[in-house]
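Colleague: Starting off with a structure, shown below.
Every number in this text was worked out from the coordinates using simple rules, so none of it is lab data. For clarity, every value in this text was computed on a predicted model and none was experimentally measured. Note that each Cβ is placed from the backbone with ideal geometry, even for glycine, and that neighbours are counted across all protein chains shown.
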Amino acid sequence: MKKLNLSKLLVASALLSSETIVHADTLAGVAFGGGNQSIAVCYAFNAGPGNVNVTSSSILSESGASLPIAGKNCSASLTPGSTCYLQATTSVNNQAVACRIIVSPSAANVRGEMEIRDSSNVVLNSVELR
């Protein structure tokens, strides 16, 4: 058996470990608006100097099921200084609703909020997405 050349092994190891690691952060929050809640709206704002990618966004029921999205303008890329939203009808009253927005490469400069509204669009509760 041939001996492995240590320098070749180190070079191969460095090449294998130098692959780009994709990093994503999640903004999330949970809110409850009581028996009159009917709409959940989630917002994300890019306060940073560069684009961030919105890789996934959803509004979830208390059981974890995705609620059907009624409106959305979060595209694949959120440019600096821009805001996007997604909205769902909360089909079950008296249950908490959660928002989840996944961005990459980092959510360090992204801020978010979720509002629970009644059928007249009156805000019943709002929470920061963290």
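Colleague: So what's the net charge close to V97: Lys and Arg +1, Asp and Glu -1, counting the other residues with Cβ under 14 Å from its Cβ? Walk me through the numbers before you get to the answer.
Modeller: Numbers: positive: R100, R117; negative: E62, E113, E115, D118.
Overall, the nearby charge balance is -2.
Colleague: Oh, and also: Rank by packing, highest mean first: peptides 85-98, 55-68, with packing defined as the count of other Cβ atoms within 10 Å averaged across residues.
Modeller: Highest-to-lowest ranking by the protection proxy: 85-98, 55-68.
Colleague: Then there is this: Sequence-distant or interchain residues sharing an amide H contact under 5 Å with S77, placed H: which?
Modeller: V54
Colleague: Sticking with this one: What ranking do 110-119, 26-35 get when scored by the average of other Cβ atoms within 10 Å per residue, highest first?
Modeller: 110-119, 26-35
Colleague: Under a point-charge model restricted to the Cβ atoms of Lys and Arg (+1) and Asp and Glu (-1), what is the dipole moment magnitude of segment 23-120 relative to its Cα centre, in debye to the nearest 20?
Modeller: 140 debye
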